[in-house]
Amino acid sequence: MNPRPIDMKPQSLCTGFEPSPILSRRNFLGRFGAGLGGIALADLLAGERPAHAAGTPGVLPAVHHPAKARRVIYLFQSGGPSHLETFDYKPLLNERQGEQLPESVRGGQRLTGMSVNQSSLPLAGSIFKFQQHGRSGAWICDLLPQTARAADDLCIVRSMYTEAINHDPAITFLQTGSQISGRPSIGAWLNYGLGSDNDNLPAFVVLITKGKGDQPLYSRLWGTGFLPTTHQGVQFRSGKDPVLYLNNPPGEDQAGRRNLLDRLNELHQLEAQSTGDAELSSRIAQYEMAFRMQTSVPEVTDLSGEPQHIFDLYGPDSKTPGTFAANCLLARRLAERGVKFIQLYHQGWDQHGNLPNGIKTQCRDTDQPAAALIADLKQRGLLDETLVVWGGEFGRTNYSQGKLTATDYGRDHHPRCFSIWLAGGGVAGGTVYGETCPFGYNIVKDGVHVHDLHATMLHLLGINHERLTFRFQGRDYRLTDVHGRVVKEILA
């Protein structure tokens, strides 16, 4: 048997890393340089670094190519926004209103359990008007007037597709690159690869619109999977305590908390030296981050210092904590402070029935804030280095689920095609990419798979998606799994 060849690649080209259960980073320093290890440990436990040393490096020694974006703000519209009422204008559906979906168009595609037993699949045109906007002439629904005004900053992709037909696997796919739970989220991959630009805030922050509970969201969607837990997304909530258990309990002051952490860290250090458990280092780092966040989180989440014209830009809801508008404004503040990945979730886009009224509400809540975020980033010189992504987990059917009337209809889940948009961060604004058939049911040009979107996002951040990997259970994993292409046609 031939021996396995020795990997002669220099360390700078290494693509992945798996912490050893026997020899952690702390033990490595302790064994091979007691003085150096002591200095590094003291720096970690003190939780105080010089002002010029802000940030924590990731596993990549350098980006693979020049990055066009430094951070991502992902506006995830949970539930599946209808592409036929937002960005994919299909007048043929209005012309053939009420006719049956042709089998030649359906092509035997599976349906969900919610409409598979319908005796009729009547085509349903949108009752809303569309107009062309910007230099690309993009067709945008009148439900999104503010987004339409930003058309020249948007790259609208009308040819997204996925394999998942139900919410849980579809959302999990968009957030982790796999329909099966347990993989690291996008933000966790970026934190792992690129590190943090701010010592006092998490590199990955999650914001969820309050009061929108149509579809459940799970913390695993911003989890680390098999990556070290230090890369976990941190949810900021509205209200007095943005991060749970961050504030000192009654009777406890900062000095007491500092003393408690110092003693606890000493115990963890002893345990790490005897067991070699790398997770203990992660736990210490998380404790220290929490201590620093006691000051940084109240500062960043306090919107009271924003001028009135900024609140006017984001809309009247922006003064109400937990709304999509307030979260968009908070996302800009987090971006200014170096947070690498900011994930906003807005639920309620699942209109199986009563779609006209439901989507009106959703667009009213999100249209102005999303457009304001682009304008605000742009006026501060941040849009060019911030990638903004808007979209859900799949589209909606071109036939009505349930009874079709002149003023009411619903749409079922549709994975074969849906629309998203991107802005800033190296994306070509004022463009429309991809095309669906006249029925809005199948892609006829330039399809973009979920893995293609992820590969493109990583590319804009300077990462070759095939080279950011992590070895787990004997296999190298990556966000894009085993395929995915960078959609170079949408790059600036």
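The values are calculated or read from the model by the stated rules, or taken from the named source; none is laboratory data. This structure is a prediction, so every number in the text was calculated from the model and none was measured. As a convention, Cβ positions derive from the backbone with ideal geometry for all residues, glycine included, and neighbour counts pool all protein chains shown.
When each of T172, T224 is tested for being in a loop (DSSP other than H, G, I, E, B), of a type in the set (S, T, Y) and over 28 Å from T320 (Cα atoms), the lone residue that passes is T224. Taking every residue in the range 277-289 that is of a type outside the set (A, V, I, L, M) and pairing it with any residue that is part of a loop (DSSP other than H, G, I, E, B), at least 6 positions away or on another chain, the pairs with Cβ-Cβ distances below 8 Å are D277/P21; D277/S24; E279/P228; S281/S24; S282/P228; E288/G47.
Take V432 and decide whether it is within 22 Å of C363 (Cβ to Cβ), surrounded by 18 or more Cβ atoms within 10 Å (Cβ to Cβ), touching a Phe, Trp or Tyr at 6+ places or on another chain (Cβ under 9 Å) and touching a residue at least 24 places away in the same chain (Cβ under 8 Å).
Numbers: within 22 Å of C363 (Cβ to Cβ): yes; surrounded by 18 or more Cβ atoms within 10 Å (Cβ to Cβ): yes; touching a Phe, Trp or Tyr at 6+ places or on another chain (Cβ under 9 Å): yes; touching a residue at least 24 places away in the same chain (Cβ under 8 Å): yes.
Taking the combined requirement at face value, the residue satisfies it.
Within the range 204-229, residues that are on the phi < 0 side of the Ramachandran plot have Cβ atoms under 9 Å from residues that are of a type in the set (D, E, K, R) and assigned to a helix (DSSP H, G or I) in these pairs: T209/D365; K212/D365; Q215/D168; P216/D168; Y218/D168; P228/E279; T229/E279; T229/R283, counting only partners at least 6 apart in sequence or on another chain.
Selection of the range 242-269 for residues being among the acidic types (D, E) and either farther than 16 Å from T295 by Cα or surrounded by 14 or more Cβ atoms within 10 Å (Cβ to Cβ) (or both) yields D262, E266. Here the range 175-192 is the region considered, the condition is being outside any loop (DSSP other than H, G, I, E, B) and aliphatic (A, V, I, L, M), and the residue that is nearest to F472 (Cα to Cα) is A188.
In the range 115-139, of all residues being of a type in the set (S, T, Y) and either surrounded by fewer than 17 Cβ atoms within 10 Å (Cβ to Cβ) or assigned to a strand (DSSP E or B) (or both), the one that is modelled with the lowest pLDDT corresponds to S119. Considering the range 140-154, the residues that are in contact with a Lys or Arg (Cβ under 9 Å, 6 or more places away or on another chain) and surrounded by fewer than 20 Cβ atoms within 10 Å (Cβ to Cβ) include one that is nearest to T386 (Cα to Cα), namely D152. Among the numbered conditions (1) among the small types (G, A, S); (2) touching a Pro at 6+ places or on another chain (Cβ under 9 Å); (3) closer than 25 Å to L460 by Cα, the only one that A164 does not meet is (3).
Show me the helices (runs of 4 or more DSSP H) found entirely inside the range 264-377 where at least 2 residues are over 24 Å from the mean Cα position of the chain (by Cα) and farther than 30 Å from T229 by Cβ. Walk me through how you get there before you give the answer.
Working: elements: 278-301, 308-314, 324-336.
Helices (runs of 4 or more DSSP H) meeting the threshold: 308-314.
If you take the residues in the range 83-114 that are part of a loop (DSSP other than H, G, I, E, B) and aliphatic (A, V, I, L, M), which one is surrounded by the fewest Cβ atoms within 10 Å (Cβ to Cβ)?
Here is the first cut: in the range 83-114, the residues part of a loop (DSSP other than H, G, I, E, B) are 86-90, 96-99, 101-102, 107-114.
Subsequent filtering for residues that are aliphatic (A, V, I, L, M) retains 101, 111, 114.
Details: L101: 20, L111: 18, M114: 15.
Here the residue is M114.
Filtered by the rule that a residue be buried (at least 21 other Cβ atoms within 10 Å of the Cβ) and either closer than 23 Å to H346 by Cβ or among the hydrophobic types (A, V, I, L, M, F, W, C) (or both), the range 213-235 gives L221, W222, G223, L227, Q232, G233, V234. Within the range 162-169, none of the residues are among the hydrophobic types (A, V, I, L, M, F, W, C), buried (at least 22 other Cβ atoms within 10 Å of the Cβ) and touching a residue at least 40 places away in the same chain (Cβ under 8 Å).
Could you say whether any residue in the range 257-265 is in contact with a Ser or Thr (Cβ under 9 Å, 6 or more places away or on another chain) and free of Cβ contacts under 8 Å to residues at least 60 places away in the same chain? Give the steps one after another, and end with the answer.
Residues of the range 257-265 in contact with a Ser or Thr (Cβ under 9 Å, 6 or more places away or on another chain): none.
The answer is no; no qualifying residue exists.
Among the candidates D367, D350, D376, which residue alone is crowded, with 17+ Cβ neighbours inside 10 Å and touching an Asp or Glu at 6+ places or on another chain (Cβ under 8 Å)? Quick ask: steps written out before the conclusion?
On the way: D367 fails: touching an Asp or Glu at 6+ places or on another chain (Cβ under 8 Å); D376 fails: touching an Asp or Glu at 6+ places or on another chain (Cβ under 8 Å).
Result of the check over D367, D350, D376: D350.
Evaluation of G80 against the conditions (1) over 19 Å from E163 (Cβ atoms); (2) surrounded by 20 or more Cβ atoms within 10 Å (Cβ to Cβ) shows that the sole unmet condition is (1).
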